[in-house]
Structures are given as C-alpha cells and as structure tokens.
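Asker: Supplied in structure tokens, the structure appears directly below.
What follows draws every value from the coordinates through simple rules; no lab data is involved. These numbers were taken from a predicted model, which means no experiment stands behind them. Virtual Cβ from ideal backbone geometry, glycine too; neighbours counted across all protein chains shown.
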Amino acid sequence: MREREPERPDAAAEAEEEEKSKTARYATVAALVLAVLAIVLVLQHRDRYEVTARFANASQLVKGNDVEIAGSRVGTIDDISLAEDGTALVKMTISGDYAPLREGTVATIRSQSLSGIANRFVQLQMPAADEAGGPIKDGGVLPLSQTVSEVDLDQLFNTFDQKTIGHFKDVIKGFARAYEGVGPQTNRGFHYLNPFLSTSRQVFSELTTDESRFRHLIVDTAGLSGALAERSPDLEQFVSNADQAFGAIASQDQSLASAVGQLPDFMRNFNTTAVNLRATLDDLDPLVDASKPVARQLQPFSQALRGFAVDAVPTVRRLDAVVRRPGADNDLTELTRLQPALARVAVGPVRANGKLRQGAFPVSVKALNRGLPQLAFFRPYLTTEALSGWFDDFGHSGVVDANGGMGRISTTFNVFSASPGGLPNIFGAPLTPSQVEADGFKTNNLKRCPGANERDPGDGSTPFTDNGSLDCDPQMVPSGP
C-alpha cells in the first residue's frame, strides 16, 4: 500500500493568503456601497425641503396627496397630525426648485374633482414680488392665517335648518319629476350645454387664478349689494316703473313689429345719408377752422354766462309758480289751455248771436283798412300847433301888443243861440243857416286845415296844407285881423 505524502508547507500559506484576499475584496465593495448610499442620502437631504402648514381641518387629506403651484406638482404630503389646539398639522415636502418658500405664501386645500373621497391636494399661492417676506426655513410652519381649509358640501348643508332642508329636498324631487321620461332629450340638451359649461369653467378658472383681486371683487360686490339694500324702496319703485314701461311696450307689439320691419329700409336710407354726410363734414371743415378764433374770444362771454346762469337759478325756480300753481285761471298752463278757444274766436269764423261771423282779427283788419283815410287826414292835426298848442295851455293862441301878451277871444254861436234880431233867443225858433250867414257868421266850416286858428306870420306856414296835398280849405279861418 502506497503511503500518503505529507502536505507541503507552502500550500497552507497559499490558502491562508487567498482567504485574506477575499475578505479584503468584500470590505472594499462594502465601503463603496456605503459611500454611494451616503452620497445619495446627502443629495436627497439637500433636495428635500419640508414645511408644516397648520390648517383648521385636514379636509380629508391623506399621505401622498400632491402639492401644486399654478397647476404643476411641486411636492407631496408626508405626514398629517393633530395639534394640541385641535388644528391639523400637514407636513409637506417641496421640490428644491421651489424652495425655500417666502413668507406670505398661502396654502389652500382643494379637490381634484367632485367624484372621489381622498382626491384632495394642497395649492400654494406664491406672494407677489413686492409683497413677499423673508424665506421660510426648512422645517418652518405656515400659520393658520396663511392657510385655507376646503368647505365640503355637507358642511354647507349642515348650516340649513330642517325647514330649508325639507324645501331643498322638494326641489330635488321636483327636478326628478321634471326630467322623468325625457332623459334622452335632456342628455341631448346637456350635450349642447357642454360648451357653455366649458367656457364657464375657463372663466372661473381665470377668476380664481388671481384670488386677491377676485376677493376684492366679491367685497366690492357685497358693498354694492349693501348700498342697493339701503335704497330698497327706490329700487322697488324703479322695478315697478320698469315693469309698467315694458308692459306698455309689450302692449304695442304690433306697432313694434311694424317698426322693426321698417328698420332695414330705414337703415339702408341712413347708410346713404351717412355716406353723403362725409362730404358735408368736409365742407364744414372751413367753418370749424374759421370758428376757432371766435370760440376763443367767446371764453369771457361763457364765463359771464356761467355767472348769469347761477344768478338765474332763483328766477327760474320762481317761474315754476308762473307755469303751474294751485287755483283756477292763474298760471301759464291754464292760459295755454285757453289759447285754442281764443284762437277760434280771433281767427274765426265763429257763430255768435245766431249768425256765422268772421273772427276778431279779420274784422279788425277791415276796420283798420277802412280807417286809414281818416287817420291819414287826422295825422297833420296831431303834428302841428292845433294839438300841441292846446297842450301848451293856450300859450300859442294870442298876439303881443304894447301891453304884453294877449289871448285871442272868439265867440261861437249856433242856430239855437241867436234870433233874427241878433239877440239871444233860447226858447225861440232856431235860425236857418242862411239867416245865420246874413248876420255875419259863417257855417259849414268842416274842412279847416291844421293850424287854421293861428294867424299867418307872413311865411305862409299857417294854415298847414302839406304843399296842397291835404284835403282841406285854407280859407276857413276865424274872422278878425
């Protein structure tokens, strides 16, 4: 039997050396792995920025919900806990690109959609550059004043009393009865309603983008509503008057339809007129240019007119009593009402005293036309000494002699004051004209000229005949020198 050879000493050494080499390699790999993990942790810690927001309630937020800024996902919800005062502490991790947040940032809990339970997210509204404060440190807290919790629909319903909730249920049941049996038609209507809802969503999305201005809009609208509420009686009267006005317009629907039917032709004619008006406006340009210097000079007049208008206010107010005042036949309105009757009498014809007669104006015209010859004849007597001397207290009716001024005295008799013997015969028979002329008197002096009572001073100015154009007799003068 062959004997086993003893192991060589160098083989044991080699095995030991190989074991040590494996251990060194394992240690190196482990060190590298630990180094990589350390680097990853350092990088993660550097990009990890946490902020805790204090909400009145968590509004069904859960871990893992998104944190958004302007519709972009910037972080997640890491933890939700309850504070000692009953508020919700929501810890959020924010991406390093948006870290750190600035003081004045507002966190609002919103819903992704109406369907779903845990579909909430936190929207961060960044402050304006001129309103932003200092940076919020990592691990900082957004106070309750900078957060807004979502109001769920059941919270709104909980504010109603039992009577209101009952009426609301009746409304829902009424909708159910209204749409019963007309589902396909309703769906088709909702299909056409979709563009309206889409555009409305866009409008409200734009409104909520700038919440600060939207808040101001709501506050101003509330102020306007309050002002309208204070003037509710006037507003009620306005609505009543508007209702009467629209009712009156509705009662004239045929006339309104006729007017609308004639409107196209009118607009076509107006189009032609407007086109022709351009040339007229061009022709008016020289007038406007020429009016500019005058307009500048009218400025002092306008200023004075403004003062006159201010001073005329009391007068215009007093005119109200002239136009309308209590009582009968004492104001301008009632005088205006009398004008038609007066016009009928003045213009005519009018029936009076059983006959159809001309009006006052036509009769007056005829009377004036017929009286013109008499007025023309009488005019010279009014412009000469015949009338002016009488008004001058007989100052021109005498002559001057050595003793001074002397009045002219003449005696006038008529057929009742003289007898054939020249003596008064008051109770006797009247004399005939021939008997009067036989006694030295003149009769029928009916065509005396103006100034015939004056003696001719030698220049032929008396009596006045207007160069012989007057129908008078210059020989009819008083007897005597």
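Asker: Could you give the length gained on full extension between Ser200 and Ser258, defined as 0.36 nm per residue of separation minus the Cα-Cα distance, in nm?
Answerer: Values: separation 58, 0.36 × 58 = 20.88 nm, distance 3.78 nm.
Computed gain between Ser200 and Ser258 is 17.1 nm.
Asker: List the residues whose amide H sits under 5 Å from the amide H of Ile136, counting only those 5 or more places along or on another chain, with H placed 1.01 Å from N in the peptide plane.
Answerer: Answer set, sorted by chain and number: Leu101, Arg102, Glu103.
Asker: DSSP loop trypsin sites (Lys or Arg not before Pro) in the range 311-376 with at most 13 other Cβ atoms within 10 Å of their Cβ, which ones?
Answerer: Answer in residue order: Arg324.
Asker: Now for a separate question. What distance in nm separates the simple spin-label points at Asn269 and Glu211, each placed 7 Å from Cα in the Cβ direction?
Answerer: Reported label-point gap for Asn269 and Glu211 is 6.1 nm.
Asker: For the range 80-166, give me the percentage of DSSP beta bridges that are antiparallel, rounded to the nearest 5 percent.
Answerer: Just about 85 percent of them are antiparallel.
Asker: For Phe377 and Arg455, FRET efficiency with R0 = 25 Å and r from the beta-carbon atoms, rounded to 0.05? Each step should come with its number before you reach the end.
Answerer: Values: r = 23 Å, r/R0 = 0.94.
According to the calculation, E is roughly 0.60.
Asker: Taking every pair of distinct Cα atoms and averaging 1/r, then inverting, what Kirkwood hydrodynamic radius in Å comes out for the range 252-323?
Answerer: Taking the inverse mean of 1/r over all distinct Cα pairs, the range 252-323 comes out at 17.4 Å.
Asker: Which of Thr273, Thr159 has the fewest other C-beta atoms within 10 Å, and how do the rest follow up to the most?
Answerer: Ordered from fewest to most neighbouring Cβ atoms within 10 Å, Thr273, Thr159 come out as Thr159, Thr273.
Asker: Only residues of the range 132-147 count here: report those whose backbone N is under 16 Å from the spot 7 Å along Cα→Cβ of Arg102, or say none.
Answerer: Within reach of a label on Arg102, which here means backbone N under 16 Å from a point 7 Å along Cα→Cβ, the range 132-147 contributes 132-137.
Asker: Could I ask something else about it? Using r as the Cβ-Cβ distance of Leu446 and Ala328, and R0 as 51 Å, what FRET efficiency do you calculate, to the nearest 0.05?
Answerer: For Leu446 and Ala328, the calculated efficiency is 0.45.
Asker: Looking only at the range 203-230, which residues have a backbone nitrogen under 17 Å from a spot 7 Å from the Cα of Ala242 in the C-beta direction?
Answerer: Residues 224-230 qualify, since their backbone N sits under 17 Å from the label point.
Asker: Send over the Kirkwood Rh of the range 48-157, from the inverse of the averaged 1/r over different Cα pairs, rounded to one decimal Å.
Answerer: Details: mean 1/r = 0.0709 Å⁻¹.
It is 14.1 Å.
Asker: Using the alpha-carbon centroid of each, what span in Å lies between the range 76-143 and the range 293-320?
Answerer: Value for the Cα centre distance between the two parts: 67 Å.
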